[in-house]
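These notes concern the structure reproduced below.
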Amino acid sequence: MRQITLDTETTGLDPAAGHRVIEIGAVEIVNRRITGEVFHVYLNPERDIDAGALEVHGLSREFLADKARFAEVCADFLRFIADAELIIHNAPFDVGFLDAELGRLDLGRLTDHCRGVQDSLRLARELHPGQKNNLDALCRRYGVDNSGRTYHGALLDAQLLAEVYLAMTRGQESLAIEQVAPQRAQLTRCTAPVRVLRASAQELAAHNAYLQAMAKECGEMPAW
């Protein structure tokens with residue numbers, strides 16, 4: 001199975017407002033192994049870059065002035081993603097921008113050129129409800145070294161995402177392992193009375209305060 005983790009950097013937040021892709025980074029995974037094959041380009045957007053976006057990725061219009069246009073690298077990009085499933089963190093954002101770039105060239109949509117798109121942010125939220133699930137948080141959770149991530153960069157983020165995604169989905173490897181016959185459990189009847197200790201009002205208040213602090217940190221109320 002061939003998969004590709006992919007990330008983009010852009011001039012702003014809204015492709016409908018004319019914002020453009022300025023960097024594409026993609027990393028190949030084959031049969032759950034990172035192969036070392038990558039696709040990486042900087043792009044001349046032929047427009048200004050929003051100040052907020054510049055603070056995130058540090059890519060200035062002056063740096064991008066001599067870089068290729070999307071139309072010049074599009075064929076190479078589509079060859080690289082062909083017959084692969086794309087794994088993208090917060091996929092609607094990147095897909096929206098790439099759809100806009102392809103649309104300018106009358107080349108349809110991104111999903112017309114690959115085997116589909118999986119949103120790793122949605123997967124992370126299903127696995128870790130009520131917790132932070134941005135790429136930095138996932139790197140910490142799964143022990144992926146992101147110490148070199150001063151700015152967001154498409155290739156670096158795609159490389160980190162490849163490691164995070166493999167860690168998040170590692171349990172799927174067990175699906176191919178031959179099943180072991182279950183052993184009959186030995187049950188022992190317990191006749192001792194069960195003592196129930198109920199939380200005091202003070203303990204309940206402390207627990208509620210802890211949940212409120214966690215909700216503030218995560219940006220949403222925990223599910224439990």
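Any read-out appearing in this document is the output of simple, stated calculations on the displayed coordinates, not a laboratory observation. This one's a predicted model, so the numbers in the text were calculated from it and none came from an experiment. Every residue, glycine as well, gets a Cβ built from its backbone with ideal geometry; the counts of neighbours run over all protein chains shown.
Before moving on, here are some points about what is shown:
- Under the condition of being within 21 Å of ASP14 (Cβ to Cβ) and charged (D, E, K, R), the residues counted in the range 91-121 number 6.
- Filtered by the rule that a residue be of a type in the set (Asp, Glu) and not in a strand (DSSP E or B), the range 1-30 gives a lone residue, ASP14.
- Boolean, PHE63 is surrounded by fewer than 16 Cβ atoms within 10 Å (Cβ to Cβ) and either out of contact with any strand residue (DSSP E or B) (no Cβ under 9 Å at 6 or more places or on another chain) or not in a loop (DSSP other than H, G, I, E, B) (or both): yes
- Where a residue in the range 66-84 is assigned to a loop (DSSP other than H, G, I, E, B) and its partner, wherever it lies, is of a type in the set (Phe, Trp, Tyr), with Cβ under 9 Å and at least six apart: LYS67/TYR42
- In the range 61-102, the residues that are in contact with a helix residue (DSSP H, G or I) (Cβ under 7 Å, 6 or more places away or on another chain), of a type outside the set (A, V, I, L, M) and within 23 Å of LEU135 (Cβ to Cβ): HIS89, ASN90, GLY96, PHE97, ASP99, GLU101
- Cross-chain or 6+ apart pairs with Cβ under 9 Å, the range 99-119 first and in contact (Cβ under 8 Å) with a residue 12 or more places away in the chain, then among the polar types (S, T, N, Q): ASP99/THR111; ARG115/GLN3; VAL117/THR111; GLN118/GLN3; ASP119/ASN90
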